[in-house]
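The values are calculated or read from the model by the stated rules, or taken from the named source; none is laboratory data. Everything numeric here is computed off the predicted structure, so don't read it as measured data. Note that we place each Cβ from the backbone using ideal geometry, even for glycine, and neighbour counts take in every protein chain shown. These accessible areas exclude ligands, DNA and RNA; they are computed on the full protein's heavy atoms, side chains included. Shrake-Rupley method; radii C 1.70, N 1.55, O 1.52, S 1.80 Å.
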Amino acid sequence: MYIYNMTKKGFILSLCFLVFFFGKTQVSAQDLPTKITTKLIQPPYLKAGDTVAIVAPSGVLKNRTDEVARAKKLLESWQLKVIIGEHVFSKDNHFAGSDQQRCEDFQNALDNPNVKAIWSARGGYGTVRILDKLDYTKFLQQPKWVIGYSDITALHNQIHTKGVESIHAIMCVSLPEDLLEIKESIDTFKATLFSKPVNYTLKGSNYNREGNATGQLVGGNLTILHTMLGSNTSIDVSGKILFIEEIGEYKYHIDRMLQSMKRAGYFDNCKGIIVGDMSRMRKNTTLWGTNIEQLILDALADYNFPIAFNMPAGHEDDNRAMIMGRNIELTVNSKQTTVVFDK
């Protein structure tokens with residue numbers, strides 16, 4: 001009985017100490033232990049003679065044959081072979097063929113041992129409808145690069161949860177008649193595909209939240225990241241650096257998504273955020289009152305990780321390639337940001 005009373009007393013004293021200590025000290029999610037992340041599998045870089053499959057897992061490619069032809073010509077100029085999915089130009093209302101047709105093309109590319117990279121023709125919407133139909137058994141035995149952005153974020157998420165890196169970069173419909181108009185986008189795509197990721201020095205911003213971080217780069221389109229919440233393809237960003245970009249949304253939509261993700265614990269133990277292009281923001285009849293940078297800072301005010309703006313990636317012509325799932329070193333200050341990929 002005496003031992004019990006002493007133990008109880010000790011517990012109460014300890015509890016009082018904790019209440020006093022934490023009542024006086026601000027503890028953020030970034031001060032808590034983070035989950036150990038394992039290095040992801042790196043698919044082999046491409047070399048002359050390798051084969052790339054062009055597929056369309058999302059929106060319809062009506063009147064986009066010229067862009068796909070330019071994509072094929074570009075790959076062939078790099079001495080690569082090209083396979084175009086059987087259903088790339090199919091149409092099923094909003095989509096590039098039925099769910100089954102789009103899944104069939106992507107599955108064939110995943111399973112074909114001769115295909116070393118899978119390049120999405122376009123985004124739009126529709127990839128999420130085929131995620132649960134895909135079988136990655138052969139892909140995991142022989143990993144290959146999956147490339148795209150926007151709606152293809154759904155695939156980046158799924159592939160990341162499988163333990164394999166992927167490439168966030170331009171798609172076939174990104175290619176204009178004059179390729180020099182997007183030279184940087186093409187050059188970084190080629191470099192990333194063939195040899196190594198490109199490191200970036202970004203223009204500074206007074207909105208940057210300064211700091212340093214290291215971790216796997218994950219993320220993509222904000223709407224798709226939000227869509228994945230609660231599913232087995234939602235990325236765990238603990239110990240990682242999150243990239244986000246968006247197009248055509250109201251500011252209050254952006255805030256609503258960030259608030260929803262925050263309430264779900266999405267940013268707990270995140271190491272940092274890189275903000276890409278927030279393109280063609282729509283104006284609501286009731287104005288938001290701040291710019292998009294301040295909106296993001298306000299929504300994430302409870303966290304102390306660094307936040308970097310001005311990453312040229314997303315729905316603009318200048319869309320630099322990044323390896324998703326690769327470890328990076330992020331250094332952020334008001335004058336510039338550096339993003340350095342592990343080799």
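Can you name every residue in the range 79-103 that is surrounded by 18 or more Cβ atoms within 10 Å (Cβ to Cβ) and over 22 Å from Glu67 (Cβ atoms)? Within the range 79-103, Cys103 is the sole residue that qualifies. Considering the range 301-331, the residues that are farther than 29 Å from Lys190 by Cβ and surrounded by 18 or more Cβ atoms within 10 Å (Cβ to Cβ) include one that is nearest to the chain's Cα centre (by Cα), namely Ile307. Would a scan of the range 258-280 turn up a residue that is closer than 19 Å to Asn157 by Cβ and of a type in the set (Asp, Glu)? Yes - at least one qualifying residue is present in the range 258-280. Here Thr161 meets the list (1) polar (S, T, N, Q); (2) in contact with an Asp or Glu (Cβ under 9 Å, 6 or more places away or on another chain); (3) within 17 Å of Pro44 (Cβ to Cβ) almost entirely, failing just condition (3). Residue pairs whose Cβ atoms lie under 7 Å apart, sitting 6 or more positions apart in sequence or on different chains, and linking a residue in the range 43-57 that is touching a residue at least 24 places away in the same chain (Cβ under 8 Å) to a partner that is open to solvent by 10 Å² or more (accessible area, probe 1.4 Å) and of a type in the set (Phe, Trp, Tyr), are Tyr45/Phe194; Leu46/Phe194. A search for C-beta distances below 9 Å between a residue of the range 272-298 that is over 26 Å from Ile328 (Cβ atoms) and open to solvent by 100 Å² or more (accessible area, probe 1.4 Å) and any residue that is among the polar types (S, T, N, Q) and outside any loop (DSSP other than H, G, I, E, B), counting only pairs 6+ apart in sequence or on different chains, returns nothing. The listed residues are Ile159, Ile170, Ile182, and the only one of them that is open to solvent by less than 10 Å² (accessible area, probe 1.4 Å), over 20 Å from the mean Cα position of the chain (by Cα) and touching a residue at least 12 places away in the same chain (Cβ under 8 Å) turns out to be Ile182.
Residues of the range 39-78 being farther than 22 Å from Arg122 by Cα, of a type outside the set (Phe, Trp, Tyr) and either in a strand (DSSP E or B) or open to solvent by 30 Å² or more (accessible area, probe 1.4 Å) (or both), which ones? Within the range 39-78, Lys39, Ile41, Gln42, Pro44, Lys47, Ala48, Gly49 meet the criteria.
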